[in-house]
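Okay, structure first, notes after.
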């Protein structure tokens, strides 16, 4: 048996904004991997509501006081996820699996990443039942229409919306 | 950060019979976990074509000469998977994700297992593209109808079918 | 506008056995309809684990002490659901919508029922999130394998399993 | 049994434009509820082809000469649907269920609405088979490309397209 | 350009019993192919309600008086569909596409057939909207429960049910 | 039996850009039809990355040196596909079937086309397994992020990206 090597996983996303579902997945990921890198994609083409810096900051703040069984870091990235995975010597890419429509896109991306980063597995984790139907999109819809998103997102995100929507 | 603990994963199934898709998933699992236990379910209620012993033997033989980056063991079990997971102090249950219909049943089982074994994550892995549409059921259909299953299953399974279908 | 007529809905199923998901749906149905008839299908062809009488009795017991905003009755039936709906002058047939696979079968049945009972709408309700992935089948799997089903089914069902599995 | 209370349902949508599928659903809804409120969402973020006023007017005109078994009203709204439901003391929100992709988004929305408006059920109805595959989007595609949409939409909508596309 | 060759397609199934949906697909197939072979599978493992001979006879009778733009024949077969396709020098295998669950199984079978019969395309056709939700299974359910299946199946099938259910 | 008539099929799309999956489908289509017309839609509303002319040119170049068992032509079109099908006296419209989400949209379009062009069948073909998860969208994502798309698209498309992304 080979010598024990630390297993690193990347959890990529736009995180526009981070939700409690994402946080739940980060926690679940640390049960399995020795090191977890949350990789915030610039996603310029997706026209995110929150700026790249804001998104990185919100997720960093959200997890800063939490304790996880293994190390968690946040990085921003632009370009191909598979390239980042190779560069970081990741064992795996973590993806949350919410629903059927997700499923197909995720398959497509996983196969594409495999072409570039052959040794990096895509690992699908299931969020807690409470967050199975939660998404950044629906959070934005509710917030913009004046609804209460407390309980769906970390406090720092709730504050960010308040500030943004006041303008 | 806590001291490094070996991560064990259980890969359960009826394996009636084991296919190259299963083997591919076992290999992928060993990229992530330090120890992988292939748990062959007795599955008496499913009326398997191959006996419990035969199924265990076929999978054991199939992987006996392969080299994996981490340790792989085969066990048989009857009863609840979640109980086995707790007993074995598993970090995760591995499931292959083939298609949409799988997806829902897997979700259901994963949530049920989580009720019993709170700290055990269900981890979904994607088989190689070549095996995405392969299943034990279709292998049996092809074999019983006189088709060639070489290339779809390990050699030991091909032999087992030949013997069984001669009778 | 026509004179107010009492709206009756039928909630059909095999209920083998009734689960907390079914109970949740009955309750939701009574928020909408003035009278709700739980129609237990004999379903001889499905080889149910519990006898017709047992299934009727379990669901009757389960709801006997509950209070609903409108009247609830339990009946057994054999034959076509659409015929029962016409006979009872039902306004609607209630169906729980759990997942994608359900969805298609339900569509098929709803269209078939519409052919026979033109004025009876099929109304799909969503169970509470906690029960979205619960089914009679998975309850039986867990119980038969010695797992704890408390919290998933009414107490009377738990007792019935205990008795049945002792034999 | 409590005193009979009138059951009101809200049928929300962008209705850009109203199609015969929507009309079919309104009719079906009036078989079940004592009062039905068609709630046209401003949906500014969706960039609708028809203005808010036009959309309200088209649906109002379309149903003005129809007879339904219970009262139907049209209102416009901006903001959260769940807030409107609470304000109107609705028993239910009606949603048409067309296909699998619908299904998931609808689930998500239904759960979100339930958080805010606990006592309001989301009720899914199936349109007539003829309209199962009809959507406002496809109607717009056909009309813009010079196709005939007669038979798919109320006459007033056909006229509106003619006027709009002449410009 | 190569010399024009007659294109033959096989439309396989258990046809237990043939429905109007099947007939609709046969007709559609003859719009495309020069020769269409309806291949009734023995399907012993599926425990069909109607005997192999009966199923072949019902479909033969049903189409005997119809006129199609190209030649239609009925054959029975046991064994692998792909072998039959090769033997008959078929250009294509026709499959009806009803719904999502069909879709996946069909994909699986199509890929399996492609392994054996490389030059035979699997061609998916859509039945008329009226039959999109019709299946042999639901027809049997309705008939066994005393429902009227006229309009769903050819007259010969209705008669066959009458005879069978009298016993 | 009627005199043999040449069967023409239309394979429509935006082809923004053409991928190896499209090429594979064109080839498969020529196994079945006597003449295949690749119809490039202007798709102005979809904001394509490549201009109408470029898209037509890329697909024309890609297939210019290939040999197919029957004739293949490329045309551009604006307007309704069904109108083009009628005008060209097509027997069929070819659509690639990749995944579940495709499936529904395709159904919708197929039914809409059938309303206008009654005698034109929509025929769904399955791409080679290697291309099942390939789409123009994912190709653009990879290319824009600096990834290698060689092996996914014809050489002319790779060159076009290089030129476009240099600007």
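We did not get these values from a lab; they are worked out from the coordinates using the rules stated. Remember, it's a predicted structure, so these values are computed and weren't measured experimentally. All Cβ positions, even for glycine, are placed from backbone atoms using ideal geometry, and neighbour counts span all protein chains on display.
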Item to complete: Report the normalised scattering of the range A:110-167 as log10 I(q)/I(0) at q = 0.19, 0.26 Å⁻¹, calculated by the Debye formula with identical scatterers on the alpha carbons.
Response: -0.74, -1.03
Worksheet item: If you project the alpha carbons of the range D:14-103 onto their three principal axes, what span does each projection cover, largest first, in Å?
Response: 34, 30, 29
Fill in: Mean Cα-pair separation over length for the range C:8-166, i.e. relative contact order, pairs under 8 Å, 6 or more apart, %
30
Item to complete: Find the centroid of the Cα atoms in the range C:2-79 and in the range B:111-167, then give the distance between the two in whole Å.
Response: 40
Discussion item. Using a 7 Å offset from the Cα along the Cα-to-Cβ direction at both residue B:46 and residue C:159, what is the distance between the two label points in nm, to one decimal?
Written reply: 3.5
Response to the item:
at residue C:163 the sorted inter-copy label distances (label 7 Å from Cα on Cβ side), in nanometres, are 4.7, 4.7, 6.4, 7.0, 8.1
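Listing F:87, B:27 from the residue with the fewest other Cβ atoms within 10 Å to the one with the most, what is the order? Before the final figure, lay out the partial values.
Values: F:87 11, B:27 19.
Fewest to most other Cβ atoms nearby, the residues stand as F:87, B:27.
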Fill in: Compactness of the range F:71-165 as Cα Rg over 2.2 N^0.38 Å, two decimals
1.31
Discussion item. Taking every alpha carbon pair in chain C, what does the distance histogram look like in 5 angstrom bins from 0, in percent?
Written reply: 1, 8, 17, 21, 22, 15, 8, 4, 2, 0, 0, 0
Discussion item. I want to verify a result. In a Gaussian network model of chain F, Cα cutoff 10 Å, which of these has the top mean-square fluctuation: F:72, F:156, F:37?
Written reply: F:156
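Out of all DSSP beta bridges with both ends in chain F, state the antiparallel percent to the nearest 5. Walk me through the numbers on the way to the answer.
On the way: 0 of 21 bridges.
Antiparallel bridges make up about 0 percent of those DSSP assigns within chain F.
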Item to complete: Would you mind telling me which residue in E:137, E:122, E:60 has the biggest mean-square fluctuation in a Gaussian network model of chain E, where springs connect alpha carbons within a distance under 10 angstrom?
Response: E:137
Fill in: Coordinate range along principal axes, alpha carbons of the protein assembly as shown, Å, largest first
80, 76, 70
Worksheet item: Per the helix-only calculation at 222 nm, which mean residue ellipticity applies to chain A, given -39500 (n - 2.57) for every DSSP H run of n ≥ 4 and division by its residues, nearest 500 deg cm²/dmol?
Response: -12500 deg cm²/dmol
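Quick check on the protein assembly as shown: of the DSSP beta bridges with both residues there, what percent are antiparallel, nearest 5%?
Working: 9 of 135 bridges.
So the antiparallel bridges amount to about 5 percent of the total.
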